[in-house]
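Quick notes on the structure that follows.
The values are calculated or read from the model by the stated rules, or taken from the named source; none is laboratory data. Quick caveat: nothing in here was measured; it's all calculated off a predicted structure. Note that we place each Cβ from the backbone using ideal geometry, even for glycine, and neighbour counts take in every protein chain shown.
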Ligand code: KMH
Ligand code: ZN
């Protein structure tokens with residue numbers, strides 16, 4: 001594959017599936033989500049991956065009205081590409097999860113490429129206190145959850161979203177998910193060029209090692225040839241190191257408080273923008289250039305910011 005000239009930075013502003021609110025920096029009100037998204041874009045993120053949260057208690061929200069509270073403000077203040085999550089929480093059905101993307105028709109949305117254990121239960125024992133009542137049980141019980149993304153779910157989501165011309169961020173947590181994606185392409189659910197997010201370090205997915213990144217990349221090359229773009233998300237402590245490696249391999253990067261609350265070992269990040277500034281500095285110091293939103297649109301073949309419904 002021809003090497004990309006610019007590196008696209010995605011920033012995932014506030015997680016939902018697996019990001020409890022232990023850090024005061026993690027935004028959960030519409031105001032905070034909007035202002036952190038704008039700041040992350042000003043720092044160099046050309047794509048904003050967005051979840052919504054219940055503004056009262058920070059729990060996951062897939063209510064489109066909670067997205068409506070921040071999407072127009074982000075659009076008015078930035079040129080960044082909006083990417084709406086279809087991940088929901090571990091308790092939501094696929095119908096609930098795709099409702100915000102169906103309503104707002106963003107340029108991008110996530111598409112999770114396989115069912116899996118998706119657990120963060122070890123966190124429950126690490127903290128004496130949580131900010132909100134729901135958190136400890138939700139976290140502790142994640143050892144019994146299955147993050148459901150069956151072939152039927154993927155087909156259902158892809159079929160309903162197809163008329164919107166949305167580019168999917170295909171979230172692949174393990175090598176098998178790449179084969180699931182290839183199968184879905186072969187039956188006509190997704191068209192090239194696709195955009196793959198290689199995800200490392202989720203308990204239930206592939207581990208955060210450079211060897212695994214090379215293996216995922218090699219497997220994707222074998223399956224998709226020149227017909228894909230890729231990015232790396234390292235969860236937790238692997239966020240910056242795996243992103244750095246990916247950028248040096250010609251890939252794109254994803255940072256953000258959704259996937260790590262930290263800026264360095266043991267030190268909480270102040271904001272999403274701080275993580276974007278850090279990866280931007282590293283990428284530029286190592287000789288790459290960071291893509292603007294317009295360049296990201298061209299690299300990923302997006303429909304354009306004027307084709308959304310918010
Ligand atoms: N935080 C990622 C590991 C989604 O939004 O669809 C999972 C994620 C899923 O981003
Ligand atoms: Zn997400």
Read through the list (1) out of contact with any helix residue (DSSP H, G or I) (no Cβ under 6 Å at 6 or more places or on another chain); (2) more than 15 Å from ligand 2 (Cβ to nearest atom); (3) in contact (Cβ under 8 Å) with a residue 40 or more places away in the chain, then give the number of the only condition that residue 123 fails. (1)
Can you find a residue in region 246-268 that is part of a helix (DSSP H, G or I) and free of Cβ contacts under 8 Å to residues at least 60 places away in the same chain? yes
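For residue 210, state whether it is loosely packed, with under 14 Cβ neighbours inside 10 Å and free of Cβ contacts under 8 Å to residues at least 60 places away in the same chain.
Working: loosely packed, with under 14 Cβ neighbours inside 10 Å: no; free of Cβ contacts under 8 Å to residues at least 60 places away in the same chain: yes.
So residue 210 does not fit the description; no.
Taking the options 242, 261, 233, 300, name whichever one is surrounded by 19 or more Cβ atoms within 10 Å (Cβ to Cβ), within 16 Å of the chain's Cα centre (by Cα) and over 24 Å from residue 117 (Cα atoms). Before you say what the answer is, go through the steps one by one.
Numbers: 242 fails: over 24 Å from residue 117 (Cα atoms); 261 fails: over 24 Å from residue 117 (Cα atoms); 233 fails: over 24 Å from residue 117 (Cα atoms).
The match here is 300.
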Out of (1) free of Cβ contacts under 8 Å to residues at least 60 places away in the same chain; (2) surrounded by 15 or more Cβ atoms within 10 Å (Cβ to Cβ); (3) under 18 Å from the mean Cα position of the chain (by Cα); (4) in a helix (DSSP H, G or I), what's the single condition that is false for residue 219? (3)
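For region 116-147, which positions are more than 24 Å from residue 25 (Cα to Cα) and surrounded by fewer than 17 Cβ atoms within 10 Å (Cβ to Cβ)? Before the answer, list the steps.
First, pick out the residues of region 116-147 that are more than 24 Å from residue 25 (Cα to Cα): 116-117, 141, 143-147.
Once the filter is applied, which keeps residues that are more than 24 Å from residue 25 (Cα to Cα) and surrounded by fewer than 17 Cβ atoms within 10 Å (Cβ to Cβ), region 116-147 yields 117, 141, 143, 144, 146.
Quick check on this structure: which one of 254, 281 is modelled with pLDDT of 95 or more and in contact with a helix residue (DSSP H, G or I) (Cβ under 9 Å, 6 or more places away or on another chain)?
Numbers: 281 fails: in contact with a helix residue (DSSP H, G or I) (Cβ under 9 Å, 6 or more places away or on another chain).
Criteria check complete, one pass: 254.
Does region 140-156 include one or more residues that are within 16 Å of residue 300 (Cβ to Cβ), more than 19 Å from the chain's Cα centre (by Cα) and at pLDDT 95 or above? Don't jump to the end; show me each part of the working.
Initially, region 140-156 is screened for residues within 16 Å of residue 300 (Cβ to Cβ), giving none.
Taking every residue of region 140-156 in turn, none turns out to be within 16 Å of residue 300 (Cβ to Cβ), more than 19 Å from the chain's Cα centre (by Cα) and at pLDDT 95 or above.
Could you list, in sequence order, the residues of region 61-98 that are closer than 28 Å to residue 179 by Cα and surrounded by fewer than 18 Cβ atoms within 10 Å (Cβ to Cβ)?
Matches in region 61-98: 91, 93, 95, 96.
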Where residue 126 falls short, out of the listed (1) modelled with pLDDT of 95 or more; (2) more than 21 Å from the chain's Cα centre (by Cα): (1)
Failed item, numbered, when residue 91 is tested on (1) within 16 Å of ligand 2 (Cβ to nearest atom); (2) touching a strand residue (DSSP E or B) at 6+ places or on another chain (Cβ under 7 Å): (2)
For region 29-45, what are the residues that are more than 16 Å from ligand 1 (Cβ to nearest atom) and touching a strand residue (DSSP E or B) at 6+ places or on another chain (Cβ under 6 Å)? 44
Does any residue of region 285-295 turn out to be surrounded by fewer than 20 Cβ atoms within 10 Å (Cβ to Cβ), in contact with a helix residue (DSSP H, G or I) (Cβ under 9 Å, 6 or more places away or on another chain) and assigned to a strand (DSSP E or B)? yes
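Output yes when any residue across region 144-164 is touching a helix residue (DSSP H, G or I) at 6+ places or on another chain (Cβ under 8 Å), farther than 29 Å from residue 308 by Cβ, within 16 Å of ligand 2 (Cβ to nearest atom) and not in a helix (DSSP H, G or I), and no when none is.
As a first pass, look at region 144-164 and keep what is touching a helix residue (DSSP H, G or I) at 6+ places or on another chain (Cβ under 8 Å): 148-149, 151, 153-158, 160-161, 164.
Now drop any that are not farther than 29 Å from residue 308 by Cβ, which leaves none.
No.
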Within region 178-190, is even one residue closer than 22 Å to residue 297 by Cα, assigned to a loop (DSSP other than H, G, I, E, B) and either away from ligand 2 (no atom under 15 Å from the Cβ) or touching a strand residue (DSSP E or B) at 6+ places or on another chain (Cβ under 6 Å) (or both)? yes
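Wholly within region 1-111, which helices (runs of 4 or more DSSP H) include no fewer than the required count, namely at least 3 residues that are within 16 Å of the chain's Cα centre (by Cα)?
Values: elements: 30-43, 64-68, 71-77, 94-104.
Once the helices (runs of 4 or more DSSP H) in region 1-111 are filtered for at least 3 residues that are within 16 Å of the chain's Cα centre (by Cα), what remains is 30-43, 94-104.
Working only within region 112-141, note down all residues that are closer than 23 Å to residue 157 by Cα and in a loop (DSSP other than H, G, I, E, B). Break it down into steps so the answer makes sense when it comes.
Quick first cut of region 112-141, residues closer than 23 Å to residue 157 by Cα only: 112-118.
Those that are closer than 23 Å to residue 157 by Cα and in a loop (DSSP other than H, G, I, E, B): 113, 114, 115, 118.
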